[in-house]
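J.: The following block contains the structure, expressed as structure tokens.
Please treat every number below as a calculation from the coordinates, not as lab data. This one's a predicted model, so the numbers in the text were calculated from it and none came from an experiment. When we count neighbours, we look across all protein chains shown, and the Cβ atoms used for this are built from the backbone with ideal geometry, even at glycine.
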Amino acid sequence: MAHFAKINEENKVLTVNVVANKDNMNAEGVEDESVGQAFLEKNSSWPGHLWIQTSYNTMFNKHASGDDSKAFRGNYAGVGFEWDSENQIFWPAKPYPSWVKDTSDANWHSPIGDAPALTAEQSSQISAGTNGWIYIWNEENQTWDLNDYGPA
Amino acid sequence: MQKKVLTEQALYYGDVTMPKDWEIDRVYLSNKILYSDLKNEKFKTCKTWDKLNRYIQEHINLYYETALVNTDTWGNIYKPLENTDSLLNVDPVDLRNSPDFTLLYGVNVSDCSVKISYDDNRRKGRSWTIPLTNNKFVMFPSTNSYSIINNQKESLNFILTVTYEYI
């Protein structure tokens, strides 16, 4: 099966449709996005160039098989994702206004990087169910704040 | 101090901005409405209707996270200066099988507006009027009554009504 994201002219993903492999192959039996686009254009009343193939097995530029060379277009598209034709990436919604895109992992990151790792003690407390430590981004202060959601 | 909104009367409106060369064929829809009117038959859905319906469903879901399911569709033709009585698309004694939203689409209209009635708590009987032009839609809760005001002097106005449930 092949998956295609239907986008509008603002490059927002409206929905994702499934196309049978045979409807996405050229005469030589090779997967060909333009064939799938033509199929969808004919059957969905939406122009073919606004159907973009997406990979069900790709997330943050990694492939579920473990072979990241198979990663395709950054992320599996979802409703509300934005298609970036220049970088060939489906971007999820921006989590916070200050966050910036990173094309290497097709993900958004805070301007000061990812949250710090939890200490070994904090991790063991989570495992024991006594605490629920988690870093939450504080957009106002531009910091990662450590929160404790208490016992599990 | 906190605030909780228990319900809202949301109105959605705008143009149906389809991709270039993929616009809604409003002449075809006018013909379909005329045909169903002349034959006294139910409006039959078609590919053109499907384009409109999908546009509404997908964009309402994208921007407002509301999933709509179509429940009924019909077309109306209004003579010059014809104003409707108050219209209501829910059955007060069968709310379970009544639609959540009513959508009006301007198929071929001129000098037309929709007057939507609502209550603002104890301030009863208020209304909001919006012009309905070609290729424009207005969608509102089906529990709100409305009337259609046609001020055109020569032509007929063609309006498509689509009702939806949300899930």
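J.: State whether one or more residues within the range A:48-55 are more than 14 Å from every other protein chain (Cβ to nearest Cβ), touching a residue at least 40 places away in the same chain (Cβ under 8 Å) and assigned to a loop (DSSP other than H, G, I, E, B).
T.: Yes, there is a match, as at least one residue in the range A:48-55 is more than 14 Å from every other protein chain (Cβ to nearest Cβ), touching a residue at least 40 places away in the same chain (Cβ under 8 Å) and assigned to a loop (DSSP other than H, G, I, E, B).
J.: Testing B:I56 on (1) within 14 Å of chain A (Cβ to nearest Cβ); (2) more than 17 Å from B:T161 (Cβ to Cβ), one condition comes back false. Which one is that?
T.: (2)
J.: Something else: Go through the range B:64-82 and give me each residue that's within 14 Å of chain A (Cβ to nearest Cβ) and within 19 Å of B:I24 (Cβ to Cβ).
T.: Answer for the range B:64-82, where residues must be within 14 Å of chain A (Cβ to nearest Cβ) and within 19 Å of B:I24 (Cβ to Cβ): just B:L68.
J.: If I go through the range B:56-84 residue by residue, how many of them are under 17 Å from B:L132 (Cβ atoms) and either part of a strand (DSSP E or B) or not β-branched (V, I, T) (or both)?
T.: Total meeting the criteria: 11.
J.: Also, I was wondering about something else. Output the number of residues of the range B:9-51 satisfying the condition of being among the aromatic types (F, W, Y), more than 13 Å from every other protein chain (Cβ to nearest Cβ), outside any strand (DSSP E or B) and in contact with a helix residue (DSSP H, G or I) (Cβ under 7 Å, 6 or more places away or on another chain).
T.: 1
J.: With (1) of a type outside the set (D, E); (2) out of contact with any Cys (no Cβ under 8 Å at 6 or more places or on another chain); (3) touching a residue at least 12 places away in the same chain (Cβ under 8 Å) as the list, and B:V93 as the residue in question, which single condition is left unmet?
T.: For B:V93, the failing item is (3).
J.: Quick check, is A:W83 aromatic (F, W, Y), part of a loop (DSSP other than H, G, I, E, B), within 14 Å of chain B (Cβ to nearest Cβ) and closer than 22 Å to B:L62 by Cα?
T.: no
J.: Consider A:E28 against the criteria (1) more than 14 Å from chain B (Cβ to nearest Cβ); (2) closer than 26 Å to B:I60 by Cα: it satisfies all of them except one. Which criterion is unmet?
T.: Here A:E28 meets the rest and fails (2).
J.: Moving on. Quick check on the range A:5-16. Is at least one of its residues outside any loop (DSSP other than H, G, I, E, B), touching a helix residue (DSSP H, G or I) at 6+ places or on another chain (Cβ under 6 Å) and away from chain B (no Cβ under 14 Å)?
T.: no
J.: Still on this model: Quick one: count up the residues across the range A:89-116 that are in a loop (DSSP other than H, G, I, E, B) and more than 12 Å from the chain's Cα centre (by Cα).
T.: 13
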